[in-house]
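For reference, the structure discussed in these notes is given below.
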Amino acid sequence: MGMKHASFSFHHHLLLPFLLLVMQLKHEVQGLEMDHMDESAMVFFTLKDLKVGNSMPIYFPKKDSSSSPRLLPRDEAESIAFSSEELPNLLRFFSFSEDSPQAKAMEATLGECESKSIKGEIKFCATSLESMLDFASSVFGSSIDFKILTTEHVTKSNTLFQNYTVLEKPVEIPAPSIVSCHTKPYPYAILYCHSQVTENRVFKVSLGGENGDRVTAVAVCHMDTSQWNRNHVSFRVLGFEPGTLPVCHFFPADNFVLVPVL
């Protein structure tokens, strides 16, 4: 299927946020390729870490939402092909060379969106707000209301990585099912959303940084990781094998969790 240009007018100055995001991604990937553990991987922990007074190193990327790629309306998003097969046409459309960092980022995002789900997981890459809401409704049921949970930075600073202490007893959010959505590098906003049929637990955690930062963080604990790839970065960080212990992780402020309203 070819590109549909007629109903879509893309403003190329909106590509700047994508360029900035790609440069940040390139830095993080280079770090992960180094021998030492990269700071950006330090978001994982275990359930036993969720106790008042416990300290752990955490990486919280801080992105200005005003400079992030924007979500397109459904009609605009659907006017552009979204597939690896169309990547050469997409690169010409967005004026990126085939060997550019932007091209590699787009290829990676398309590949992740098209990859097979693990057993017990359903996933969807939303190209618009409407398609994301439709996916959530398909998971929870069309008659079920749901709410969004996000990490909030109570204080503002430029510190990305430091030790944080759990200040209060974490609040568990009852959730029989959840949808987690993560932003992916692309010229316009792409939300990689997924839901697992296995048990997950959701928490709000009040954290205090060494420099005085305060964060109310959303965390999800995946109780069954038996189907996960053993090369998943979480197992390198935590030092155990798939299926042995739950894996928990904090969400950056530009990712979110949807839970049904009970």
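The values are calculated or read from the model by the stated rules, or taken from the named source; none is laboratory data. Bear in mind that the values here come from a model prediction, so they are computed numbers and not experimental data. For neighbour counting, all protein chains shown are included, and Cβ atoms are generated from backbone atoms with ideal geometry for every residue, glycine included. We work out accessible area using only protein heavy atoms, side chains counted, and drop any ligands, DNA or RNA first. Shrake-Rupley method; radii C 1.70, N 1.55, O 1.52, S 1.80 Å.
Below is a table of values for the structure above.
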{"read-out": "Under the Karplus curve 6.51 cos²θ - 1.76 cosθ + 1.60, θ = phi - 60°, whole-Hz ³J(HN,Hα) for the stretch 131-138, x wherever Gly or Pro sits", "value": "5, 5, 5, 4, 5, 4, 5, 5"}
{"read-out": "For the stretch 89-186, the fraction of alpha-carbon pairs in successive 5 Å shells from zero, as %", "value": "2, 8, 14, 15, 14, 14, 16, 11, 4, 2, 0"}
{"read-out": "Whole-percent carbon and sulfur share, accessible surface of the stretch 219-262, 1.4 Å", "value": "51"}
{"read-out": "Cα-Cα over 21 Å, subset of Lys51/Lys184; Lys123/Lys184; Lys63/Lys156", "value": "Lys51/Lys184"}
{"read-out": "Heavy-atom accessible area per residue - the stretch 101-164, 1.4 Å, Å²", "value": "56"}
{"read-out": "Accessible carbon and sulfur surface of the stretch 120-162 relative to its total accessible area, %, 1.4 Å", "value": "55"}
{"read-out": "Sites matching trypsin sites (Lys or Arg not before Pro) across the stretch 111-175 that sit in DSSP coil, with at most 11 neighbouring C-beta atoms within 10 Å", "value": "Lys116, Lys119, Lys156"}
